[in-house]
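Okay, so here's the structure we're looking at.
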Amino acid sequence: MFECKLNDAQLLRKVVECIRELIKEGRFEVSQNGLSLQGIDSSFVALIQLTLRASGFDSFHTDKPMLLGLQLEQFCKVLRCASLNDSITLQAQDPGDKLNITLQSKDDDRISNFVVRLIDIDAETFTIPSKTYNCVVKMPSSEFQRIVRELSGLSDTVGIEISQDGITFSSDSHQSSGKIQLKPSTLEDGQKVQVKAEKPITQFFALRYLLSVAKGCTISDSVVLMIANDIPLVCEYKVENLGNLRFYIAPKIEED
């Protein structure tokens, strides 16, 4: 039997909403360490890695490792029923074919029970090797989303250039072009742009993927971007004290 409780149901909703932007089905792995999910989009461009530690939940118990396959849109429909201060409890049996979900108000005066059917998902698990990234940028997630949205109106591709001077996002098409640079600094709202660059690097990415990834701003106030030559861009959001959500986005190959 598996059962866990999280006092902030809205946080789980935001995480799943962000994931379902890129994958329709998710296979959650349950272990003594917590919940994890790995998935890849249908075009094999974006890989998602979610890690939620057992210690971050208000309670967490499982008798043995389990796999919970879920249709993410159906899961989200239930999570959207949660009010602002609701807690959420997930429960599943092994063997079993359903996930029991309980939403409970802070004052315990409203309890909602739902059942979502589990599905079999035949998905390959990818081993993500440890990499050293030449360039790492930490910036406000809201600013990342704003920049991606602004440049998406100009082209379907964005260039990301990182150097000691800062990070530059650029977009270019036959009709128009744009460039937005952020220098290492403290912004008006007090959030910082931090840049570590061993050497300058420029890579290009499909904007439609970054638009989806940028919706992680609902999860965390900041995002960490990690770039190195010839490997995917990593966008990492901290999920409060639970763990983290990482997106690996393959760069576009620019044709001459």
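The values are calculated or read from the model by the stated rules, or taken from the named source; none is laboratory data. Since we're looking at a predicted model, the values are computed, not measured. In this analysis, Cβ positions are derived from the backbone assuming ideal geometry, glycine residues included, and neighbour counts consider all displayed protein chains.
How many of the residues making up region 218-251 are touching a strand residue (DSSP E or B) at 6+ places or on another chain (Cβ under 6 Å), of a type outside the set (S, T, N, Q) and part of a loop (DSSP other than H, G, I, E, B)?
Residues that pass the stated criteria total 4.
Any chance region 167-180 includes a residue that's crowded, with 16+ Cβ neighbours inside 10 Å, free of Cβ contacts under 8 Å to residues at least 40 places away in the same chain, assigned to a strand (DSSP E or B) and hydrophobic (A, V, I, L, M, F, W, C)?
Checking region 167-180: at least one residue is crowded, with 16+ Cβ neighbours inside 10 Å, free of Cβ contacts under 8 Å to residues at least 40 places away in the same chain, assigned to a strand (DSSP E or B) and hydrophobic (A, V, I, L, M, F, W, C).
So that you can scan it fast, the table gives a plain yes or no per residue for (1) β-branched (Val, Ile, Thr); (2) modelled with pLDDT of 95 or more; (3) more than 22 Å from residue 237 (Cβ to Cβ); (4) crowded, with 18+ Cβ neighbours inside 10 Å:
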residue	(1), (2), (3), (4)
119	yes, yes, yes, no
149	no, yes, no, no
153	no, no, yes, no
160	yes, yes, no, yes
187	no, no, no, no
193	yes, no, no, yes
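Consider region 196-217. How many of its residues are part of a strand (DSSP E or B) and more than 21 Å from the chain's Cα centre (by Cα)?
Selection size over region 196-217: 4.
With the requirement that a residue be farther than 15 Å from residue 51 by Cα, over 18 Å from the mean Cα position of the chain (by Cα) and either modelled with pLDDT under 95 or part of a strand (DSSP E or B) (or both), what does region 7-41 give you?
Residues satisfying the conditions do not exist here.
Return the residue satisfying two criteria in turn: it lies in region 25-48 and is within 16 Å of residue 12 (Cβ to Cβ) and without any contact (Cβ under 8 Å) to a residue 24 or more places away in the chain, and of such residues it is surrounded by the fewest Cβ atoms within 10 Å (Cβ to Cβ).
Only one residue fits best here, namely 36.
All but one of (1) surrounded by 18 or more Cβ atoms within 10 Å (Cβ to Cβ); (2) under 30 Å from residue 10 (Cβ atoms) hold for residue 227; state the number of the condition that does not hold.
(2)
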